[in-house]
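Accompanying notes for the structure given below.
The values are calculated or read from the model by the stated rules, or taken from the named source; none is laboratory data. No experiment lies behind these values; they were computed from the predicted model shown. Neighbour counts are summed over all protein chains in view; Cβ atoms, including those assigned to glycine, are modelled from backbone coordinates with ideal geometry. Side chains are part of the model used for accessible areas, which takes the heavy atoms of the whole protein and leaves out ligands, DNA and RNA. Shrake-Rupley method; radii C 1.70, N 1.55, O 1.52, S 1.80 Å.
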Amino acid sequence: MLNIIIFGPPGAGKGTQSDKLIEKYKLVHLSTGDIFRANIKGATELGMLAKSYMDKGQLVPDEVTIKMLEAEVNKHSNPVGFIFDGFPRTKSQAIALDNFLKQKATSISVVLGLEVEEEELKKRLLLRGKDSGRADDQNPDVIQRRIEVYKNETFPVKEHYAAQQKYSGINGIGTIEQIFNALCIAIDAVK
Ligand code: ADP
C-alpha cells in the first residue's frame, strides 16, 4: 500500500494538494477536518462535540479523533492506499496510527510536509474564510490559536517521522502545479 501523510500548518494547502494526489495515485483521502465538518452539518453527536473544540481553534480530543479515523480506514477493503490529511496532529495520534497500520500489516510510506511561513498562512486563512464561510477561518484570534496549537502539539509529529526517515519537507510557496510536482517527485521516490 501507498500510505501518505500530508502534513503542515493550517492553510498550508493540504486539502488542495490532496485532491490532486488522490486523482493521480488513486488513493483514499481521509481528512479529519472534513469528516468533523460533515458530522457538524449532519448534527451528529460527534459533530456537536467536535464543534465545541473547533470553534475555539483547539484540537478535538485524541481518543475521539483516533477512534473516528480508525473507523474510516476500516470502511475500505483493499484500498491502493490512503492520504491522511489533518491526521496525525499530535504525537499520540502518530503512535496510534503507526500501531493501527502495523496491525493491518502496512505502514506509512512517506510524510510530506508543506512548509509555509506564518504570515502567509494567516493571509491565506483569512482569504479562505471569506470564500468558504468556514467559521474557524474568519476570526483572527482563532487562526492565531490554531497556529499556536500547530507549533506546540502538531510540530512534534514531524520529529516522530523524521526519526523514522520518513519526513520529506516541501516548499509550500509557489503555484499549485509547482508544489504538486514536488510532491509527486517525493512520492515516486518511495513508491
Ligand atoms: P486546518 O488544517 O486548516 O486547520 P482542518 O480542516 O484540518 O483545517 O481542521 C479544522 C479543525 O478540526 C482543527 O482546528 C481541529 O479543531 C479539528 N481537527 C482536525 N483534525 C484533527 C485531529 N487530527 N485531531 C484533533 N482535532 C482535529
Seminar exercise, completed: Residues in segment 61-84 that are open to solvent by less than 10 Å² (accessible area, probe 1.4 Å), near the ligand (Cβ under 10 Å from one of its atoms) and either among the polar types (S, T, N, Q) or not in a helix (DSSP H, G or I) (or both) total 2
Exercise. Can you tell me how many residues in segment 138-191 are farther than 17 Å from PHE87 by Cα and of a type in the set (Ser, Thr, Tyr)?
Worked result: 1
Exercise. Which one is surrounded by the fewest Cβ atoms within 10 Å (Cβ to Cβ), of the residues in segment 31-60 that are touching a residue at least 40 places away in the same chain (Cβ under 8 Å) and polar (S, T, N, Q)?
Worked result: GLN58
Problem set entry | When residues of segment 94-152 are limited to those that are part of a strand (DSSP E or B) and open to solvent by less than 30 Å² (accessible area, probe 1.4 Å), the one farthest from the ligand (Cβ to nearest atom) | VAL110
For this session: From (1) away from the ligand (no atom under 15 Å from the Cβ); (2) in contact with a helix residue (DSSP H, G or I) (Cβ under 7 Å, 6 or more places away or on another chain); (3) among the polar types (S, T, N, Q); (4) open to solvent by 20 Å² or more (accessible area, probe 1.4 Å), pick out the condition that doesn't hold for ASN3.
Result: (4)
